[in-house]
Structures are given as C-alpha cells and as structure tokens.
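Accompanying notes for the structure given below.
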Amino acid sequence: MHNLDIRQIQYALLTIGIELPIFWVCGYRKLSLLCYFVLANFTSNILLNETLPAYDASLSYWLQLLIGELLVVLLEYTLMRYAINYEKQKLFTVICITNIISLGIGLVMLWFKIFLV
Amino acid sequence: MKLPLILLTILHLLVDGICGATLAHYALNEPRLEPIVFYFLIYTVLAFGLQGPIGICLDYYPNKLRLSLLLSVVLLVLGTITTLGILTQVILIGLGNCLFHVVGGAYVLSKYDGYTELGMFVASGAIGLGLGLNSLVGVTPFAIVAIICSISTYLVMERIVTSRSSKFIDTYSLDNTKILGCVFLLLFCVLLRGFGSNGNILTSNVMLLPCIFALGKLLGGVLCDALGYKYTTLVIFILGFLGLQFQGLWAGLLFVLVCNMTMPLTLRLLHWCRVENPGLMFGLAASCLVPGVVWKNVIVLPPQLILVVQFIFLALVGFILLTKERNYA
C-alpha cells in the first residue's frame, strides 16, 4: 500500500496538461467529458507511477514501462467507455494518440534530464 | 422460496468450519512445519482443484444433486475421525468440501438469477473457515449441526432445471470464440484474485480478515443487484484505487474487501457464458484459486496490477456479454 506523494501528483498533472488539449482538439469538448477525462487520466497515471520502479536504463525498466503504458491505454479507454458510448474506434484511437504524445514528451524530458522538483 | 438458500449458506459455514477445525486440530498437535504445509496443500488441491471435474459430472446428473449433498456431509463427518490418520482425513474432507461447493454453487447459480444470492452463499464459507482454523469452534459442534442442517437442506432442495439460455444475455447471438474469450478473461480475474485477496495484513483479531472476506462477497452481490454490473465494476475500481493510496490497516482491509467483491460478479458471468453447465463453471472458478493459494509467497504481483487488470477484464466482458442488462451500454 502507498501514500500518495507530491511527485506522483506532479507527474499526473503534467500528463493531464499534455493530454487534455489533445483530447479537446479531437472533438471532445463537453465540460463533463473533459472533467471525466481528467479523473481517468489522474487515476491511471498515479497507478502507473506507483508500479514503475525508479529509472535505471535497464531492459527490465523499458519492458515494464511498455506494459504499463499499454495497460494505461486500456484502462483509460475502459474508464472513458462509461461516459462515451459512441464512436468507440475513434475513442480508442484518440486515447492511443494522447498517450503516445505524452509518453514521447516524457521521454524527451527524461533524455534532457529535466526533472520536476 | 429462499429457504434452501439460507440453509445452504449456513451449511457452507459449517462445511468450511469442519475442514478448518480438522486441519487446525492436526496442526496444533504436529510440532514440525513441513507436514503441516504438505497436508494443507493436499487439502487445497483436492478441495479447490477437483471442483471442475466434479462439476462436469454433476452437470450430467442434475437429479443427483441432493444425494451428492448428503454424500459430501458424510465424507466430511468421516474426515473428522482422527483415528483414520491425517492423510485419509485430508482426502475425505478435501473431497467432501469439493463436492459440497459444486452442489451448492450449481444449485444457487441455477435456481436464482441475481448476484445477492450468490454473494450470500459464498460469503459464509470464509467465516466458517476462520472459526475452524483458529479453533474458536471445535470439530464436534460443527459436525453435529452440519448433519442436522444437511438433512433439512436435503428435504427442502428442489430439483434444478438447467436452462439452455439466460434471460439476461443472448449467448446464441455471440459466436463461440467470444464466449470462450469471456470465459478466459473471467477465469484470469479469479486467478488474479487468488494472488491479491489476502493482502499482507497483520492484525491480532483473527476473525477480522474472514469477516472482511465475507462482507466483500456479500457486498459485491448486493451492490451488483442494486447498481447493475456496469457501475459495480466502476465502484470496485474506485474503492480499490482509494485503498491503495493510503497506508495502514483500514486501507489494506479496503483493498481486501474490494478484491472479494468481484467474486459474485465473476461467478454469475461465468455461469451466463454456459448456463447449461453451472457445476462446471463454478468448479472452474474455484480451480483457478489454487495457484494463488499454492504460490502466494513465490509470485508477488503488485496490487495495482491486480486492480487494473481485473477492472479492464471485467468491464470488457460486460461490454461483450451484458447488452441486455439494465443500465448496460
């Protein structure tokens, strides 16, 4: 069991900051949907960061990151299906795109060693 | 008529109580750890692992259900005789327990449509096991009440008619691959629950965990009948998430509660995948608990992974199967 720490919340908010505008651009503009997306994103990111070990550049880390990201996509899609029951294919594609972009930005930040305080 | 359900629920407590008390009696008189672990393992494999094959047999002879119930109690009572030796005792109580679970499970699955009845039936076993394993109640009181209760249950149990379709899902409109896929996803959820349902909780109150197990199973059933499958899976996920964000006894207990809440859901949906085989579906679910019991300390899975995978799989199965259910999209 974990105590939610401030760094995990910062990571989650940063991810939401990247993914929410993309979700909005993709046509999901209803306020209730956006709020639900924020909650789904927050939950999935907290769970992913709790499970991932500290970065150590090993193959095991990258494998865990990959599996974790796949689960995040599936979790966010499943959670969003409770609110959006139309154009399921589009929803899945949008969730994939938002996560690929946020993962890409995250990896670039890691590359340049830009860490949050 | 819910009298058979009430009697089966009480009998479930007594049956698991007999097994727990018999094993506890042996363990208290055995100074070495290895034989205790060995006989506990044999019991687990017999009691859980054989439920699938016995389930198939009972599905072919649904009119032998009442007789099998009496036979299970006879085996259990014989298993309490210490002069038979622990190996014979373990085999007898393992087989008796296995037979009772399949009979009770198949009956409740076939006779009732809801989740509450199923939650009620499976909940009482945890309390019986807790009372027996901790030697709070001895073998003899359990056995005497079980004999009386089994005769009463035999008299009130009605003949079950295994239907070939469910009014909640239309299995004929789904192809076999989808049904098989759903069965695998549900069984995988049960397998994961086996690894995560105990948590690592340290408490001096020996009956706290069994009561949480029972409460979780009952609550899962009641909530599912009240909110529908779709929103119950969401509530389970949210509660599990909250349980993982805090430390301490109550957070741990919340996670254990949530893990157990999925039990009536998985059982009911497994049954709806093959309504004509209630014994087999109940038995398969029980068999999937064996790896979790046997390798619990060898394979350690993060609770977050258990929560997420269970939620995704349960929701996915719901999206595929439950298009007819109230509140389901």
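Some notes on this structure:
- Folded to 0 to 90 degrees: helix A:31-51 orientation relative to chain A principal axis, Cα: 20
- Packing rank of B:241-247, B:201-207, where each peptide gets the mean count of other beta carbons within 10 Å, highest leading: B:241-247, B:201-207
- In terms of its alpha-carbon gyration tensor, segment A:1-55 comes out prolate; a/c meets the 1.5 threshold, and the first ratio a/b outweighs b/c.
- Whole-Hz ³J(HN,Hα) from phi, Karplus 6.51 cos²θ - 1.76 cosθ + 1.60, for segment B:153-159, glycine and proline x: 5, 4, 6, 9, 5, 9, 6
- The spacing between segment B:50-121 and segment B:132-152, judged by their C-alpha centroids, is 15 Å.
- Check: the protein assembly as shown dipole with +1 on Lys, Arg Cβ and -1 on Asp, Glu Cβ, in debye: 700
- Over all projection directions, the Cα-based convex hull of segment B:214-258 averages an area of 2.8 nm².
- Added length on full extension, which subtracts the Cα-Cα distance from 0.36 nm per residue, B:PHE38 to B:LEU191: 52.9 nm
- Distance in nm between pseudo-label sites at B:LEU208 and A:ILE101 (7 Å out along the Cβ direction from Cα): 4.8
- Ordering of B:28-34, B:214-220 by packing is B:214-220, B:28-34, highest average first (other Cβ atoms within 10 Å, averaged per residue).
- Debye equation applied to the C-alpha atoms of chain A, log10 I(q)/I(0) at 0.17, 0.21, 0.22 Å⁻¹: -0.85, -1.25, -1.36
- Gyration tensor (Cα) of the protein assembly as shown, equivalent ellipsoid semi-axes in angstrom: 43, 26, 17
- Pairwise Cα distances in segment B:50-105 exceed 15 Å for 44 percent of all pairs.
- Once both labels are positioned 7 Å from their Cα atoms along Cα-to-Cβ, the gap between B:TYR61 and B:LEU78 label points is 1.5 nm.
- Dipole of the protein assembly as shown [Lys/Arg +1, Asp/Glu -1 at C-beta], most positive-end residue of A:LEU71, B:THR80, B:ALA251: A:LEU71
- Counting Lys and Arg as +1 and Asp and Glu as -1 over every other residue whose Cβ lies under 15 Å from the Cβ of A:GLY104, the net charge comes to -2.
- When each of the peptides A:23-36, A:82-95 is scored by how many other beta carbons lie within 10 Å of its residues on average, the order from highest to lowest is A:82-95, A:23-36.
- The separation of segment B:1-28 from segment A:67-111, counted between C-alpha centres, amounts to 47 Å.
- Cα shape, segment B:66-139, gyration tensor, a/c 1.5 rule: oblate
- Measuring spread by the Cα atoms of chain B yields a radius of gyration and Dmax of 19.0, 59 Å.
- CD proxy at 222 nm, helix term only [per DSSP H run n ≥ 4: -39500 (n - 2.57); per residue of chain B; nearest 500]: -24000 deg cm²/dmol
- In terms of surrounding Cβ atoms within a 10 Å radius of their Cβ, B:TYR115, B:TYR154 rank from fewest to most as B:TYR154, B:TYR115.
The numbers here are math on the coordinates, done by the rules we state, and not lab data. Every value quoted in this text rests on a predicted model; they were computed, and no experiment measured them. Reconstructed Cβ throughout: ideal geometry from the backbone, glycine too, with neighbour counts over all protein chains shown.
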